[in-house]
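Below is one structure, written out as structure tokens; comments come after it.
The values are calculated or read from the model by the stated rules, or taken from the named source; none is laboratory data. For clarity, every value in this text was computed on a predicted model and none was experimentally measured. Note that we place each Cβ from the backbone using ideal geometry, even for glycine, and neighbour counts take in every protein chain shown. Ligands, DNA and RNA are stripped out before the accessible areas are found, and what is left, the full protein with its side chains, is counted by its heavy atoms. Shrake-Rupley method; radii C 1.70, N 1.55, O 1.52, S 1.80 Å.
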Amino acid sequence: MFSLNKLQPNKDTVFFRDGVRRIDFVLSYVDEKDGEKKQERRREFEANLEKAGLELETEDKTDSKDQKSYFLKIHAPWDVLATYADVLKIKVPFKVSDIPHGRDIPWEWLSHPFRLPEHVMHPQSDYFTYHFDKTKTDFYLINDKETFFPPSTRNRIVFYILARCPYYKEGRKEKDKTGIKRLLSNGTYTAAFPLHDCRYWKRARNAECESERYNLYKHWARFLCFYKEQPLNLIRKYYGEKIGIYFAWLGFYTEMLFFAAVMGLICFVYGVLSYDDNISSKEICDAEIGGSILMCPLCDKKCTFWTLNSTCLSSWQSHLFDNEGTVFFAIFMGIWVTLFLELWKRRQARLEYEWDLVDFEEEQQQLQIRPEFEIKCTNRRLNKITQEMEPYLPITTKCARYCLSAATVIFWISLIIACIIGVIAYRLAVYASFASVIKDPVRKIQLVGRFITPQLATSVTASCINFVTIMVLNFFYERVAIWITDMEIPKTHLEYENRLTTKMFMFQFVNYYSSCFYVAFFKGKFVNYPGDYSYMFGKWTNLRNEECDPGGCLIELSTQLVIIMAGKQLWGNIQEALLPLMRNWWSSRRGRHHPENHYSRWEQDHVLQNFSQLGLFYEYLEMVIQFGFITLFVASFPLAPLLALFNNILEIRVDAWKFTTQFRRPVAAKARSIGAWQEILNAVAILSVVTNAFIMAFTSDMIPRMVYLYAYSKEGSMKGYVNNSLSVFHISQIDKPNLPDDDDSFDNSTTCRYRDYRYPPGHDKEYTHTMQFWHILAAKMAFIIIMEHVVFVVKFFVAWMIPDIPSDVKARVKRERYLIQEYLHNYEVERLKLQLSANKCLVLTAQTVSLTFLIV
């Protein structure tokens, strides 16, 4: 046994023992005593890898820290890389680009504090690229064969071989026994991963290592770099285009959130500054107006008659979000979401060009048949294209599985709705309890009652319970969605990911947004009036439908939105950052302060978390759910984009820290877009216009105020609006079950007020809706139609005005294709000339030899 100090210089490296051949992939396994089948599989698999041209080197378990893990190091020599680069049509450089990219930007010096060093932002020169052709190696810029293909391309090629290499004996065609994924699933190997190029906090000792991981950590993954731009080209070079496009999208989304956050903050500040102009709140708080208005009980038995001025603070809070600026902000967000999606398409097109993805067909990479499909589908049929037998799922089996899947989805969505109904029942039941404790907030509970009303207490506690329910259900839904998708047995990885995306978003949409939909569109809409209250599930339940505050339900929707959105973001950051930090702290307490002194490079990476194929799926899902919160219900809480902005600034660095320090290096994968998430974002954007229009019309109190101001106010102001918006009911006509237990709570008053537009007692149309109610309803419908049409027209106009691909990118793509064809033509002409001249030389030589022979 060598000492650790002697082994250290050789083991903390990304090269074979000879120090020349680079380690492109590592497989680990544990040699079990009773694992003869696994040993046989490994022997056949490794023999077939060597037949494929790969070079292997094994690290014995005696050299590993745990004394039981073997590590198989894999190197792809030039011939293998060249062959598969030709097969995979990998683009490689053949000439330095002469197309200018940069343009002088006015006031460019202002952006210097936010910029990163040039070698980090642009880790490699810009080249003209073309698909690799093994027969034309002299056409490409090959200075050194060992470094021509970057590590990300090398590990992608090796993984392609590993995924298709069989582990059956020669002569036996058991095509289901193929690929590293099958070997990982049956425990033959415990892990398969490419190596990080160095430790993240320290440069590699070997000068030939790029130390790109160190640069990513230093300039990107630390939170102190939150104000800096992202090194997208270095991310793409190290992790591949699929991860690069995610961080490009997340960064662009965060940049666009800045404008929405500024407008939302302006809207909120307007609400604060217009406090003094809020006549309605002044009337509610006025002891002579609000204090003289006796309101009908809000629940049966436990709720007393109450004075309107007890909701003084609530009315002021409501004004912060329910004011004239909210309408403007709702329209602005409808346009903002269109600009975001359209400008992202342009940004994406630019990245496609810069990252050589213009001609890339994602299906070529994603259409590989899943090993699970091959295992579970025992039926075979002839593929008309390849003329080979392939597994398939019979139509009867497929229909049965789809029906079971649909039934399961419906069942779990019904369970979500049942939970929401349970929370609503809690709200109805607990409101009476809060009302009995807080009977007169102003006089009886001086310390707390001034700030907490029964409505607010019920809303906050129900929102917290709803958030906990969401988190618990979310735990189950992730597993249910994966189980359902596995049961359907999708054929390809692309199908699997798209189906899982659809199911998970469907579950999460209902789970996260249903309670907000209830408060926005159902609460307070089906109350009826004191003499004929509506009850949930009938009168026998004694669960009377909830009423909104005199100021409307908008403040409650804001409370609901803040608790669920902020709670989800806080919980997500705890899971992503705090828990890994605690694990690292615990590891350091156990004596692993300097892992490089004890572990080889492959062992250091082996103990990191595996980055699964669905790793990015959960990152996208988290952001798309947040996108729904800030678009679907943003009219109720203009500060939502500001909260999302702060969260995303942290999210970028947390995700960067995870990828750089906590995960093994993922296999580089290509992607030219964000995939199915683009369509989901488009659907949410369209739905957001409808939801915000309905929120402004039916949840906000803006339309009734405007109708009163322009049609019913005698002074042309909002004076008298509060009195106008409350109807009168005769107390003697209230049914006994609806009266409070405290009969003296109404101080001998004969009437009470309630929020509605109905004729007073004694009128010919007693307790039926007044004409003002129908005027307001007509105004609400007109507002919805006008707002939707205006926003949709602007959206489609903006989408039409902004082309998906920038004109300069189109020109560069055409210019590059033209130059590539020209260079290829010149190369082929020169090559032909050389062949002709060589042939002439051969002919002349042959003639000379013939003449010499004749002379002799």
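Structure data summary
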read-out: Candidate set: region 668-718, residues that are charged (D, E, K, R) and not in a helix (DSSP H, G or I); chosen: the one least open to solvent (accessible area, probe 1.4 Å); value: ASP701
read-out: Of all residues in region 229-258 being open to solvent by 50 Å² or more (accessible area, probe 1.4 Å) and touching a helix residue (DSSP H, G or I) at 6+ places or on another chain (Cβ under 7 Å), the one that is modelled with the highest pLDDT; value: PHE258
read-out: Lone unmet requirement of (1) modelled with pLDDT of 85 or more; (2) surrounded by 15 or more Cβ atoms within 10 Å (Cβ to Cβ) for GLU766; value: (2)
read-out: Count of region 700-740 residues which are among the basic types (Lys, Arg) and in contact (Cβ under 8 Å) with a residue 60 or more places away in the chain; value: 2
read-out: In region 287-306, residue modelled with the lowest pLDDT [restricted to those that are crowded, with 19+ Cβ neighbours inside 10 Å and part of a strand (DSSP E or B)]; value: TRP306
read-out: LEU456 surrounded by fewer than 17 Cβ atoms within 10 Å (Cβ to Cβ) and modelled with pLDDT of 65 or more; value: no
read-out: Filtered residues of region 137-149 (kept if open to solvent by 40 Å² or more (accessible area, probe 1.4 Å) and out of contact with any helix residue (DSSP H, G or I) (no Cβ under 6 Å at 6 or more places or on another chain)); value: THR137, ASP138, LEU141, ASN143, ASP144, GLU146, THR147
read-out: Test: residue in region 58-72 that is at pLDDT 90 or above and open to solvent by 20 Å² or more (accessible area, probe 1.4 Å); value: yes
read-out: The listed residue being among the aliphatic types (A, V, I, L, M), modelled with pLDDT of 85 or more and either over 24 Å from GLU556 (Cα atoms) or in contact with a helix residue (DSSP H, G or I) (Cβ under 7 Å, 6 or more places away or on another chain) (or both), out of ILE734, ILE703; value: ILE703
read-out: Filter pass, TYR827 being of a type in the set (Ser, Thr, Tyr) and open to solvent by less than 40 Å² (accessible area, probe 1.4 Å); value: yes
read-out: Pairs with Cβ under 7 Å, 6+ apart, first in region 654-668 and among the basic types (Lys, Arg), second in a helix (DSSP H, G or I) and open to solvent by 20 Å² or more (accessible area, probe 1.4 Å); value: LYS658/GLU576
read-out: Check on TYR599, among the aromatic types (Phe, Trp, Tyr), at pLDDT below 90 and farther than 21 Å from SER185 by Cα; value: yes
read-out: Hey, ARG182 touching a residue at least 40 places away in the same chain (Cβ under 8 Å) and not in a loop (DSSP other than H, G, I, E, B) or not; value: yes
read-out: Pick from region 23-40, criterion of a type outside the set (A, V, I, L, M) and surrounded by 20 or more Cβ atoms within 10 Å (Cβ to Cβ), ranking: nearest to SER185 (Cα to Cα); value: TYR29
read-out: Residue within region 737-750 that is outside any loop (DSSP other than H, G, I, E, B), open to solvent by 50 Å² or more (accessible area, probe 1.4 Å) and at pLDDT 85 or above present; value: no
read-out: Enumeration of residues in region 188-228 that are at pLDDT 90 or above, closer than 27 Å to PHE252 by Cβ and open to solvent by 60 Å² or more (accessible area, probe 1.4 Å); value: LYS218
read-out: Matching residues in region 210-220 - criterion: being more than 14 Å from CYS198 (Cβ to Cβ) and hydrophobic (A, V, I, L, M, F, W, C); value: TRP220
read-out: All helices (runs of 4 or more DSSP H) inside region 47-153 with 1 or more residues being without any contact (Cβ under 8 Å) to a residue 60 or more places away in the chain and among the aliphatic types (A, V, I, L, M); value: 78-87
read-out: Count of region 662-676 residues which are modelled with pLDDT under 90 and in contact with a Phe, Trp or Tyr (Cβ under 7 Å, 6 or more places away or on another chain); value: 4
read-out: Residue check, MET787 modelled with pLDDT of 85 or more and open to solvent by 50 Å² or more (accessible area, probe 1.4 Å); value: no
read-out: Selected residue [assigned to a helix (DSSP H, G or I) and either modelled with pLDDT under 75 or open to solvent by 40 Å² or more (accessible area, probe 1.4 Å) (or both)] from SER587, SER558; value: SER587
